[in-house]
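Visitor: Here it is, the structure in full.
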Amino acid sequence: MDIESILVKMTLEEKLLMLGGSDGWHFYGVERLGIPGVRVCDGPHGIRVHRENVKEGEPELDPATNFPCASAMAATFNSDLIRNVGRVIGEECRHYGVDVLLGPGSNGKRSPLAGRNFEYYSEDPYLTGIMATSFIQGVQSTGVGTSMKHFIANEQETSRLFISSKVDERTLREIYLLPFEMAVKEANPWTIMASYNRINGKYGCENPELLIDILRKEWGYDGVVVSDWGAVNDKIESVKYGLDIQMPGKVEIDDRLRNAIEKQEITMETLDDHVRNCLLLIQRVQDNKRTYALDLEKNHAFAQQVAREAIVLLKNDGILPLEPGIKLGVIGRFADDKVRYNGGGSSYCLAYKVEKPIEALRYYADVSYATGYDEEETNDDLLREAIEVAKNTGKVVLFAGTTSRMESEGYDRWTINLPDGHLRLIEEVAKVNPNLVVVLNNGAAVATRAIEASSRAIVEAWFLGSASGQAIADIL
């Protein structure tokens, strides 16, 4: 593709169109010149494939492998493994005709209550940089681009559309920018997603110090900068100060934008630079087209391996591992019909299949089961049932954690504690059977002090993805 010759042939209207999406999941091409558009999809733990040209009554999503959340992936401390996660997700993208994956999430965790922490790797910027770099390398090895997000300091969900993150230079460099710098220099993500929030008073999508001075000039980034969905505050300012594509589409070209070009408030040189970036992305997509056979069963087995490596033992006084064949009490709906395996929002995908921990545990032990709670609440009837199970079994594995109402994109958590109903359940079960193992399903930090005195072991099992059941049973 000769980008410069294409630029000469493009009309002003065609150039302006490229500054926005053609719809919610596509960037513009240049149809008149035979230049295709670019298809993008969420997300960082497995692709959410929106089927195109869906007829009434047909499913809107295609199935994909749902891997453990980013927190869990980082807990493996295994960059080669995460590179392979990226590769597998990239192959699934390629199979479904997706050109750019909207991930990885590479922000930090300024507050443990930030609602989207499950989608980010770590509080440690270096670990985040290593994991993000590996994931990007894996995805892009398949000919699929990535969109490293959210640039920069998107460290909370509540008020994310207008909050200003006030950060001094050293902290910005050493904590917030470091993971992005590592990945840009070592993996070159084909796109970077600018954040909703302001940074020192300037919105992420119109911040020349970050998008031009640091990202472009200092780091030498040559990819596309795309807005988070709905993050553009001022179209003219964003075009002037470093944003290439506003999402989602369809983005209307209004007279204000045309007038800005005509009056040279936005120069043709600036406009052409944006279009060059967009055309380079299209060139990368077209030059790296590949075909992969889809083997979801094989990929599910690999996700199981990742889940197994992600699990963290927080406490064990000798009760683990469990002996095969024992009479085992299993309590908690997260083990059965309400498996908590992924966060919400951009992380959601239609899992190929979802394992239930209780089914895998039944392979190893003589299991008695009680639901224990309904979402965050328990009651006298549920407690009686759980206590009966605990009394009549040698050891108990109790699944607890955060609910989708507590931990998801779009809002921050109001507490670091487990739900009151889960805590009450743990306390009451421990009174009748002290041989208690608590398995936690959460995407980010939770307080454990209240359950330490009641349990002999605590297992951090995160949101382990849809292949979590066998991994948890194997580890126990």
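Visitor: What figure in square angstrom, to the nearest 10, would you give for the accessible area of H95 with a 1.4 Å probe?
Guide: H95 exposes around 80 Å² with every protein chain in place.
Visitor: Taking amide hydrogens as modeled 1.01 Å from N in the peptide plane, which residues meet the under 5 Å criterion relative to K315, leaving out close sequence neighbours?
Guide: Result for K315 returns I458.
Visitor: Let me ask something else about it. If you count, for each residue, the other Cβ atoms within 10 Å and average over each peptide, how do 438-451, 145-158 line up from highest to lowest? Spell out each step's value before the answer.
Guide: Numbers: 438-451: 21.3, 145-158: 25.1.
Descending mean neighbour count gives 145-158, 438-451.
Visitor: Now a separate question. Can you give the FRET efficiency to the nearest 0.05 for Q264 and M1, using r as the Cβ-Cβ distance and R₀ = 25 Å? Spell out each step's value before the answer.
Guide: Numbers: r = 29 Å, r/R0 = 1.15.
Step by step, r from the Cβ atoms, then E = 0.30.
Visitor: Which of rounded, prolate, oblate describes the chain, given a ≥ b ≥ c as roots of the alpha-carbon gyration tensor eigenvalues and a/c under 1.5 marking rounded, otherwise prolate only if a/b is larger than b/c?
Guide: Details: a/c = 2.47, a/b = 2.00, b/c = 1.24.
Since a/c reaches 1.5 and a/b is larger than b/c, the shape of the chain is classed as prolate.
Visitor: Compute the accessible area per residue over the chain, keeping the other protein chains in place, probe 1.4 Å, unit Å².
Guide: Working: 18530 Å² over 476 residues.
On a per-residue basis, the chain sits at 39 Å².
Visitor: At 1.4 Å probe size, with the rest of the protein present, what percent of the exposed accessible area of region 204-359 is carbon and sulfur atoms?
Guide: Numbers: 3150 of 6960 Å².
Result for region 204-359: 45 percent of the exposed heavy-atom area is carbon or sulfur.
Visitor: Which shape class applies to region 348-434: rounded if a/c is under 1.5, otherwise prolate when a/b exceeds b/c and oblate if not, where a ≥ b ≥ c are the square roots of the Cα gyration tensor eigenvalues? Don't skip to the answer; put the middle values down first.
Guide: On the way: a/c = 2.57, a/b = 1.28, b/c = 2.01.
The shape class here is oblate.
Visitor: Can you work out the Karplus-derived ³J(HN,Hα) for every residue in region 257-271? Use 6.51 cos²θ - 1.76 cosθ + 1.60 with θ = phi - 60°, whole Hz, and x for glycine or proline.
Guide: Along region 257-271, the couplings run 5, 4, 5, 5, 5, 4, 8, 6, 5, 10, 6, 4, 5, 5, 4 Hz.
Visitor: Is the shape of region 158-270 rounded, prolate or oblate, going by the alpha carbon gyration tensor and its root eigenvalues a ≥ b ≥ c, with a/c under 1.5 for rounded and a/b larger than b/c for prolate? Please list the in-between numbers first.
Guide: Details: a/c = 1.79, a/b = 1.45, b/c = 1.24.
The shape class here is prolate.
Visitor: For region 185-196, in order, what is each residue's ³J(HN,Hα) by Karplus, 6.51 cos²θ - 1.76 cosθ + 1.60 with θ = phi - 60°, in whole Hz (x at glycine and Pro)?
Guide: 6, 9, 10, 6, x, 5, 9, 10, 9, 7, 8, 5
Visitor: Still on this structure, please answer the following. Please calculate the 1.4 Å probe accessible area of I387, with all protein chains present, and give it to the nearest 10 Å².
Guide: Only protein atoms counted, so the area is about 40 Å².
Visitor: Let me ask something additional. How high is the relative contact order of region 94-147, given as a whole-number percent (alpha carbon pairs under 8 Å, six or more residues apart)?
Guide: On the way: 60 pairs, mean separation 25.5, N = 54.
RCO, region 94-147: 47 percent.
Visitor: Near the amide H of M193, under 5 Å away, which other amide H atoms are found, from residues 5 or more places off or on another chain, if H is placed in the peptide plane?
Guide: Sorted by chain and number, the residues that satisfy this are M148, K149, F151, V226.
Visitor: Can you give me the C-alpha center-to-center distance between region 41-84 and region 195-211, rounded to a whole angstrom?
Guide: 28
Visitor: Right, here's the next one. Rounded to a whole number, what % of the accessible area of region 362-417 do carbon and sulfur atoms account for, probe 1.4 Å? List each step's numbers first, then the result.
Guide: Values: 1240 of 2690 Å².
Whole-percent figure for carbon plus sulfur exposure: 46.
Visitor: Counting only protein heavy atoms and a 1.4 Å probe, tell me what percentage of region 1-115's accessible area is made up of carbon and sulfur. Numbers along the way, then the final one.
Guide: Details: 2110 of 4280 Å².
Carbon and sulfur atoms account for 49 percent of the accessible area of region 1-115.
Visitor: Give the separation of the Cα centroids, region 324-347 to region 266-295, in Å.
Guide: 42
Visitor: Angle check, please: helix 380-391 long axis (alpha carbons) against the longest principal axis of the chain (alpha carbons), in degrees 0 to 90, nearest 10.
Guide: 60
Visitor: Mind listing the long-range amide H neighbours of V397? Cut-off is under 5 Å, sequence gap 5 or more, other chains count too, H placed in the peptide plane at 1.01 Å from N.
Guide: G329, V330, I331, V437
Visitor: Given the whole protein assembly as supplied and a 1.4 Å probe, what does the accessible area of V85 come to in Å², nearest 10?
Guide: Counting only protein heavy atoms, V85 exposes about 0 Å² to solvent.
Visitor: For the full complex of protein chains and a 1.4 angstrom probe, list K250, K356 by accessible area with the highest value first.
Guide: On the way: K250 130, K356 70 Å².
Ranked from most to least accessible, the order is K250, K356.
Visitor: Residue by residue through region 140-155, what is 3J(HN,Hα) from phi via Karplus (6.51 cos²θ - 1.76 cosθ + 1.60, θ = phi - 60°)? Round to whole Hz and write x for glycine and proline.
Guide: Karplus values, whole Hz, x for Gly and Pro: 6, 5, 9, x, 10, x, 10, 10, 5, 9, 10, 8, 8, 6, 7, 10.
Visitor: Obtain the nm distance between the two label points defined at L314 and K391 by a simple spin-label model: each point lies 7 Å from its Cα along the Cα-to-C-beta direction.
Guide: With each label point 7 Å from Cα toward Cβ, the separation is 2.9 nm.
The values are calculated or read from the model by the stated rules, or taken from the named source; none is laboratory data. Because the structure is a prediction, the values reported are computed rather than measured. All Cβ positions, glycine included, derive from the backbone under ideal geometry; neighbour counts span all protein chains shown. For accessibility, only protein heavy atoms count, side chains too; no ligands or nucleic acids. Shrake-Rupley method; radii C 1.70, N 1.55, O 1.52, S 1.80 Å.
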